[in-house]
Amino acid sequence: DYTFSRGKGCKTCKGTGYKGRLGIYELMVMNDEIKALTLEGASSNVLKEAARKAGLKTLRIDGIEKVLKGLTTVDEVIRVTAAD
């Protein structure tokens with residue numbers, strides 16, 4: 001069971017519902033397969049798929065995990081990330 005929040009807004013946050021900053025991160029670790037694909041000039045889509053298979057957590061997934069922890073909202077994650 002999860003409870004999702006929505007930013008309400010106030011003078012401090014200038015009506016946005018957000019105060020301060022919270023990073024979401026994506027880190028691609030170079031392994032032999034990704035290195036070979038890079039040297040072959042593979043497209044970014046091919047590289048991203050290889051990275052996912054190797055355990056890459058995308059920006060949107062990291063954001064969703066933070067939503068589930070109550071640190072941000074679904075609306076904000078969708079606003080700042082591209083669809084995977």
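With the structure loaded, tell me whether ILE34 is in a helix (DSSP H, G or I), open to solvent by 50 Å² or more (accessible area, probe 1.4 Å) and hydrophobic (A, V, I, L, M, F, W, C) or whether it fails that test.
So ILE34 does not fit the description; no.
Of the conditions (1) within 16 Å of the chain's Cα centre (by Cα); (2) loosely packed, with under 14 Cβ neighbours inside 10 Å; (3) in contact (Cβ under 8 Å) with a residue 24 or more places away in the chain, ARG21 fails just one. Which one is it?
If we test ARG21 against (1) within 16 Å of the chain's Cα centre (by Cα); (2) loosely packed, with under 14 Cβ neighbours inside 10 Å; (3) in contact (Cβ under 8 Å) with a residue 24 or more places away in the chain, just (3) comes out false.
Out of the stretch 44-84, which residues are out of contact with any helix residue (DSSP H, G or I) (no Cβ under 6 Å at 6 or more places or on another chain), of a type in the set (S, T, N, Q) and open to solvent by less than 60 Å² (accessible area, probe 1.4 Å)?
Of everything in the stretch 44-84, those that are out of contact with any helix residue (DSSP H, G or I) (no Cβ under 6 Å at 6 or more places or on another chain), of a type in the set (S, T, N, Q) and open to solvent by less than 60 Å² (accessible area, probe 1.4 Å) turn out to be THR58, THR73.
The values are calculated or read from the model by the stated rules, or taken from the named source; none is laboratory data. Bear in mind the structure is a predicted one, so any value in this text is a computation, not a measurement. In this analysis, Cβ positions are derived from the backbone assuming ideal geometry, glycine residues included, and neighbour counts consider all displayed protein chains. In case anyone asks, the SASA skips ligands and DNA or RNA and just uses the protein heavy atoms, side chains included. Shrake-Rupley method; radii C 1.70, N 1.55, O 1.52, S 1.80 Å.
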